[in-house]
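These notes concern the structure reproduced below.
No lab work stands behind these numbers, since they all come straight from the coordinates. Everything numeric here is computed off the predicted structure, so don't read it as measured data. Neighbour counts are summed over all protein chains in view; Cβ atoms, including those assigned to glycine, are modelled from backbone coordinates with ideal geometry.
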Amino acid sequence: MRPMIINVLAFTGGFVIMAMELLGGRILAPYFGASIYVWGSIISVFMLALAFGYLLGGRLSLQRPSLRRFGLVFLIAAVLLYPLAIYADPLMQLVFTYVEDPRYGSLLAAALLFALPTVILGVISPYAVRLRVEHVDQSGSVAGRLYFVSTLGSALGTLATSFYFVLWFEINTIISLLTLTLVAMGALAWFADR
Amino acid sequence: MSPPVAARKIVLCLLVASVTQIAAGRVIHTEHSLYQNILMTESGNRLCMKFSLRENQRNQSCIDRSDPRKMVFGYTRMMMSGLLLNPQPNRILVVGMGGGTLPMALAELLPDSHIDIVEIDSAVVRLAQEYFGFVSGPRLRVVVQDARVYGKRAALRGERYDLILLDAFTADYIPEHLMTAEYLAETRSLLTDEGVIVANTFGISDLYDYESNTYESIFGPFLNLKSWNSSNRIIVAAKATLPSEVELEARATQLKSALRPYGVPIHRYPQRMSRKRDWDASARILTDQYSPANLLRGARS
C-alpha cells in the first residue's frame, strides 16, 4: 500500500510541474508576447527551480523522513501555487512597467511567479526515493522506478493541459484544480502515515 | 488496359502534375526562421511569400511584377475598405507584415501618413526587403516585436492611430494572445476618436462565432466583409458609430479612382459590408483566461 501511495504522489508531482510550465506560456503572453525568449525564460526558471528543489529534497530526506512530512511538502506547494491565480496580473503589470526589455521582463516575471512553488515540487522526487529505499542495493532500481512514474506524470500533465484543459477551462480554473489535487495528495500522505 | 493507353495515362498524369507545378510556382527560396517556414515562390510574373506548402492557403503575400501596384489577393484588397470609414488616416499601425504590400500601397496612396509595422519575425522583414522591394524610412517604420508587447508599450507612451490593420494569422497558426477581448481592448485604446480597426480573420470554422462575439464585446456592432467563398472575412470596426451605407457609398465614389491602380473595387464594398449578426451569439468570448483559438479552429471547418 505504502509504495503504491508514494508512486501516486510522485506521478502527481510530475503532472503538476509540467501542467504549470505549459500554462506559464499562456500566463506570460499578454505581457511579454509569444516570442521564443518567453519560452526560454519559462523553461530556464523551471529547470533552475527544480535543480534547487532536488537539493532541498535531498537535505530534508536526512531529517526523520516520514510519509506525513512528505504530505506536508504537497500542502506547502499548494499554498505557494494558488496565489498565482490572484497575483499574476498585478505582478506582471509591475514587471512590465519597470523592465523594458521583454527578455529580462519575462525572465523576472517567470521567476517571481513560478520559482517558489516549483522548488517545493522539486523536493518530491528525492524525498520519494528516500521513503521507498530500504536497502542500498535497491536504491538504483527504486530511483529508476520513481523517475519513471514522475516523468510519466509530466508527460500526461503536458498532454492533458495542452490538448484538453485549455479547451475546457479558464487558466485560473486549471490552477485551482491543480492546487486541489496537491491538497488531496497531501491529505492522502498525511492520513496514510501510521 | 492495353500498354499504349497506360502510357498515355502516364503522360497525361505527368502533364497534369507539371501544370499544377506551374500554378503552385517554383520555390526559389526557403527559410526556416525562428517562428515558421517561409517559402518564396515564383510563377511567371508572380512572386509570392508563403508560410506553408499547402495550396489554397489563405494568407500569403504576392506581387505581380508586370504590375507591382496591383493587389493580387481579394483579402488584401478588402482590407483597404477601412478607408471607407476614415479616408485620410494620418497614423497607421500594421500588425503582421507579410510581403509588406499593404503598407507600401498605403504609404504611396497617403503621402502624408506615418505608418508603423509590427512583425515578430525578422526573417519576414528581410525577405520583404529582398524580394518585394520594401524600403523602410521615417514614414514607414518596422518594429520587430511581438504585437501584444508593442501595443502595451505604445499605449503607455500615449500613442494613437487613425487606422489599425490586424493581419497576424497564417493558415497554420493563430497567435492566441492576439485574439482575446483584452488584446482588442488594448488595441481599441490605441485608436483616435475617428480611429478604425480592420482585421483579416477566418470566415469558416467554429472560430467564426467565438471571434465575432469577442469583437462585438469590445467594439459593439461592426462591419463584416467576406470573400466570395467566405474563406476570408474582414472585420471593420470603429471607435465612433458606424457610418450608414449611404455615407460609405459616398466615400467609395471619392476613393474609386485613387484606388484603381491597386485593383481595389472599393465601390463594390459598401453593399457587401454586412451588419447582420450571422453567428451563434452564445459562443464564448475569447479572453486571456480562455483562448484556445487553434484548438477551436481545428474542431470543425
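List the pairs from B:Lys70/B:Lys256; B:Lys70/B:Lys152; B:Lys50/B:Lys70 whose alpha-carbon separation is above 24 Å, in the order I gave them. From B:Lys70/B:Lys256; B:Lys70/B:Lys152; B:Lys50/B:Lys70, over 24 Å: B:Lys70/B:Lys152. Charge dipole (Cα centre; +1 on Lys/Arg Cβ, -1 on Asp/Glu Cβ; no other charges) of the protein assembly as shown amounts to roughly 800 debye.
Taking the three principal axes of the alpha carbon atoms in chain B, the coordinate ranges are 73, 44, 42 Å, sorted in descending order.
Over chain B, Cα pairs under 8 Å with separation of 6+ residues give a relative contact order of 17 percent. Taking every C-alpha pair closer than 8 Å and separated by at least 6 residues, the mean separation divided by the residue count of segment A:2-192 gives a relative contact order of 46 percent. Modelled spin-label separation between B:Arg272 and B:Arg141, with each label point placed 7 Å from Cα along the Cα-to-Cβ direction: 3.4 nm. When B:Lys152, B:Lys256, B:Lys70 are sorted by how many other C-beta atoms sit within 10 angstrom of their C-beta, beginning with the fewest, the order is B:Lys256, B:Lys70, B:Lys152.
Gain on full extension, evaluated as 0.36 nm per residue between A:Trp39 and A:Leu156 minus their Cα-Cα distance, stands at 40.2 nm.
What is the Rg over Rh value, at two decimals, for chain A, using alpha-carbon atoms and the Kirkwood definition of Rh? A ratio of 1.00.
Put simply, the protein assembly as shown fits an ellipsoid with semi-axes of 50, 28, 20 Å; these come from the alpha carbon gyration tensor as the roots of five times its eigenvalues, largest first.
Charged side chains reduced to their Cβ positions (Lys and Arg at +1, Asp and Glu at -1) give segment B:74-299 a dipole of some 460 debye around its Cα centre.
As a proxy for reagent exposure, A:Leu112, B:Leu225 were ordered by neighbouring Cβ count within 10 angstrom, fewest first; the result is A:Leu112, B:Leu225.
With a Förster radius of 41 Å applied to the C-beta separation of B:Lys239 and B:Glu42, the computed FRET efficiency comes to 0.50. Each 5 Å bin from zero holds the following percent of Cα-Cα pairs in segment A:108-194: 3, 11, 14, 22, 21, 15, 9, 4, 2, 0.
For a straight C-alpha distance cut-off of 14 angstrom, the aspartates and glutamates reachable from B:Lys226 (same-chain residues fewer than eight places away being disregarded) are B:Asp278.
Descending by average beta-carbon neighbour count within 10 Å, the peptides B:106-113, A:10-17 line up as A:10-17, B:106-113, the highest first. Which is farthest toward the positive dipole end of segment B:74-299 among B:Val143, B:Tyr131, B:Phe202, measuring Cα position about the Cα centre, with Cβ charges +1 (Lys, Arg) and -1 (Asp, Glu)? Value computed over the given set: B:Tyr131.
Counting neighbouring beta carbons within 10 Å and listing from fewest to most, the residues A:Met47, B:Met273 come out as A:Met47, B:Met273. The simple spin-label model puts a point 7 Å past each Cα toward its Cβ; for A:His135 and A:Tyr164 those points are separated by 4.1 nm. Extension gain, B:Ser189 to B:Glu249: 0.36 nm times the residue separation minus the Cα-Cα distance gives 18.8 nm.
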